[in-house]
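First comes the structure, then the notes that go with it.
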Amino acid sequence: MIVTSALVVGVLFAMGTYLVMQRSLTRVIIGLVLLGHGANLLLLLAGGPPGNPPLIGEDGPLADPLPQAMALTAIVITFGIIAFLLALAYRSWVLTGDDRVENDVEDRRIARADLDPFDDGRPT
Amino acid sequence: MSTDQLIVVPVVLPLLGAALSMVVHGHRWLQRVIGAAVLSLVLAAAIALLVEVHQQGVVALHVGAWPAPIGITLVADLFSAIMVVVSAATLLAVFVYAIGQPRTDSLSHWFHPVYLTLAAGVALAFLTGDLFNLFVAFEIMLMSSYVLITLGGSRDQIRSGTTYVVIGLLASTLFISAVGLVYAATGTVDMADLSMRLEDVPVEVRAALGALLLVTFGVKAAIFPLFFWLPDSYPTARTPITAIFAGLLTKVGVYAIVRTQTLLFPADEPSLLLLTLAGATMLVGVLGAIAQGDMKRILSFHIISQIGYMIMGVGLFTVAGVAATIFFIVHQIVVKTSLFLVNGLVEFHGGTANLRRLGGWAHRKPFLAVLFLLSALSLAGLPPFSGFVGKLGLIEAGTDEARWVIVAVSLLASLLTLFSMTKIWAGVFWGAAEDPVAGGAGDAPSPPLMLGATAALVTASIVIALAAGPIYDLAEQAAAGLLDPTAYRTAVLGS
């Protein structure tokens, strides 16, 4: 059981990493959601093997509540930030009509500039 | 209120203030009064806490009276207390500046509440004694910074803000994964408890956990090679926001690196990994700065370069090295923030931060030129300014350990820093503008609050240089406390 869960964490992280490296902001956001799920599952696994009863139940080992509390906090935080990111993506779409993540404009300009210390690549 | 409970003030008061500020939104003057009152009280409480910690040793508060390691603990050792005082003072100065700057806090009703939650997040990051709470503190701080950096919603802000949020969220995911793995390996997230339990963890696992946390905090602190997001995103925000980010946010990342590396993963000898990262950060940051043609971007690259010096001191793992790092952080927070505030004034008068389109301000605004010169020389590390004391300490600590390469790199980076500061000086304050912008206020008087806040911070940096002896003694005591965590453990866990 714990091997299956560990594999699921790995697959979630792999898919998330792949999506985060895309140019389309929508895919990046989906990638971040998957990474967040992976991390939450990892937290849950940190509490030991699944199957133990919660605080009240039969005798024997109890499930550790602390990682579950941490996962809950992490879920809420990821949820909030993803919502904010979606709002940014919408604003970006309103402004540019596109959901591509753009390059640093100033960086491009400096890459084009020659070695004169005051040339910033702007057309003179 | 007992003195132990002072420790919650820097966290709880700004949160209450933020709530109140939200309730009265629409009444800007009321919001301003609330913000100024809260931040002043926090500064007073922080100073009282520093005095308390200096006299009594480490102060720990078990929140809700749940004993560690079960409950949440807030801990103030000398290092935390110093950081809280400096950050509270900077937050207050930048707040006053933001009130003075036209079109900043009037941009949105949400500026005041979000600024206060940022203050709470920063204070909690310094004061928490628990790894998971450190994550929560980072999130409070980052969430506020996401809102602040995109306040206004211009096209450029949205473009760079998106990168900033994505990088922040990625680092947070790594952080929470690291917390999960640490808990799986040790069964605790209380840092004092962890520092003992990690000793029993197999060395490979320990190294992996240490590396994961280093990468996480490395993103926040913008060390090489994880710095690329910073110079793109910081310059797009309003000046006071960039200034407080530059002064505080990366330093919270550095604080976390110092705390975890010294408390959880202590080493007996200098860490080659940290020293290499430090050297690369210094050089890449300063070379990036030289290439820029915009004052705000030059300063943003310098944030990165200076982070290298802080990592250098930690990498040495000696009392002298860590003490120099602590002194250097204090100096950096003040000087870096004041440089950005000067940049804001230059933009206010000249209408731009582009070096080619500015010129001759030394004659038109001589006082502004003096403020810039004092901060710039301090940043470059010229005697008798505070940067000199910090760098001297770092270089002495490096030569003590016979780490000549990093000493040479740090000297070279200092020289290049001076070069890029003269580039700003020549571009902004000397000569004539090639293609002046019409939008600036020109020779009109500077808004008194903006000028006053900047002058206050520059004065503070001079005071740091004048009082370098006592402050350095304090930094040395703090460093000794970091490298020998017995007092920290006793305060948190009991004997």
Taking R0 as 22 Å, what FRET efficiency do you get between B:A426 and B:F367 from their Cβ-Cβ distance, rounded to the nearest 0.05? 0.70
For chain B the mean separation of alpha carbon contacts under 8 Å (6+ apart) over residue count, i.e. relative contact order in percent, is 17 percent
Per residue of the range A:102-112, in order, report the coupling 6.51 cos²θ - 1.76 cosθ + 1.60 (Karplus, θ = phi - 60°) as ³J(HN,Hα) in whole Hz, putting x for Gly and Pro. 8, 6, 5, 4, 4, 4, 4, 4, 5, 5, 7
Would you tally the net charge around B:D443, using a Cβ to Cβ cut-off of less than 14 Å, leaving B:D443 out, and scoring K and R as +1, D and E as -1? +2
Computed FRET efficiency, Cβ-Cβ of B:L41 and B:R103, R0 30 Å: what is it to the nearest 0.05? 0.60
With the contact rule set at Cα under 8 Å and sequence spacing of 6 or more, what percent relative contact order holds for the range B:261-344? 32 percent
Would you mind checking which residues have amide H under 5 Å from B:A441's amide H? H placed 1.01 Å from N; only 5 or more apart, or other chain. B:H349, B:G350, B:G351
Toward the positive end of the charge dipole of the protein assembly as shown, about the Cα centre and with charges on Cβ (Lys, Arg +1; Asp, Glu -1), which of B:G293, B:A185, B:F95 goes farthest? B:G293
Please give, to one decimal in nm, the separation of the simple spin-label points placed at B:V437 and B:D400, each 7 Å out from Cα toward the Cβ. 4.6 nm
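When a footprinting reagent is the concern and you count Cβ atoms within 10 Å, what order do B:E139, B:E204 take, fewest first? List each step's numbers first, then the result.
Working: B:E139 24, B:E204 8.
Listed from fewest to most nearby Cβ atoms, that is B:E204, B:E139.
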When the charge dipole of the range B:3-493 is computed with +1 on Lys and Arg Cβ and -1 on Asp and Glu Cβ about the Cα centre, the Cα farthest towards its positive end, among B:V166, B:F217, B:L373, belongs to B:L373
What are the ³J(HN,Hα) values, in whole Hz, obtained from phi via the Karplus relation 6.51 cos²θ - 1.76 cosθ + 1.60 with θ = phi - 60°, for each residue of the range A:74-80 in sequence order, with x given for Gly and Pro? 5, 4, 4, 5, 4, 4, x
Please report, in Å, the Rg and the Dmax of chain B, where both are computed over Cα atoms only. 21.4, 69
One finds the C-alpha centres of the range B:350-406 and the range B:266-286 to be spaced, in Å, by 22 Å
Largest first and in whole Å, give the semi-axes of the protein assembly as shown's equivalent ellipsoid, each being the square root of 5 times a Cα gyration tensor eigenvalue. 38, 28, 25
Under the rule a/c < 1.5 gives rounded, and otherwise a/b versus b/c splits prolate from oblate, where does the range B:206-282 land using the Cα gyration tensor? prolate
Per 0.36 nm of contour for each residue apart, how much would the distance between B:Q5 and B:L449 grow if the chain were fully extended, relative to their Cα-Cα spacing? 156.5 nm
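Could you tell me the relative contact order of chain A? Use alpha-carbon pairs under 8 Å, at least six residues apart, and round to a whole percent.
Numbers: 116 pairs, mean separation 25.5, N = 124.
Relative contact order comes out at 21 percent.
Please rank B:W425, B:W430, B:W66, fewest neighbouring Cβ atoms within 10 Å first, as an exposure proxy.
On the way: B:W425 18, B:W430 14, B:W66 11.
Ranked by crowding around the Cβ, least crowded first: B:W66, B:W430, B:W425.
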Just from its helices, what would the mean residue ellipticity at 222 nm be for chain B, if runs of 4 or more DSSP H residues each count -39500 (n - 2.57) and the sum is divided by every residue, rounded to the nearest 500 deg cm²/dmol? -24500 deg cm²/dmol
With +1 on the Cβ of every Lys and Arg and -1 on the Cβ of every Asp and Glu, and nothing else charged, how large is the dipole of chain B about its Cα centre, in debye rounded to the nearest 20? 1560 debye
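When the expected Rg is taken as 2.2 N^0.38 Å, what fraction or multiple of it is the alpha-carbon Rg of the range B:120-182? Can you show the working numbers first?
On the way: Rg = 13.2 Å, N = 63, 2.2 N^0.38 = 10.6 Å.
Its radius of gyration relative to the 2.2 N^0.38 Å reference: 1.24.
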Count the lysine pairs in chain B whose Cα atoms sit under 28 Å apart, keeping only pairs 8 or more residues apart in sequence or on different chains. 17
Which of A:D104, B:D268, B:D443 comes first, and how do the rest follow, when ranked by fewest Cβ neighbours within 10 Å? B:D268, B:D443, A:D104
Any chance you could give the angle, 0 to 90 degrees and rounded to 10, that helix B:468-483 forms with the longest Cα principal axis of chain B? 40 degrees
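So, with +1 on the Cβ of K and R and -1 on the Cβ of D and E, and no other charges, what is the size of the charge dipole of the protein assembly as shown about its Cα centre, to the nearest 20 debye?
Value, rounded to 20: 1760 debye.
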In debye, nearest 20, what is the charge dipole magnitude of chain A about its Cα centre with +1 on Lys and Arg Cβ and -1 on Asp and Glu Cβ, if you could check? 320 debye
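Readers should treat all values here as calculations from the given coordinates under stated rules, not as data from a laboratory. Treat the numbers as computed from the prediction; the structure is a model and nothing was measured. Neighbour counts are summed over all protein chains in view; Cβ atoms, including those assigned to glycine, are modelled from backbone coordinates with ideal geometry.
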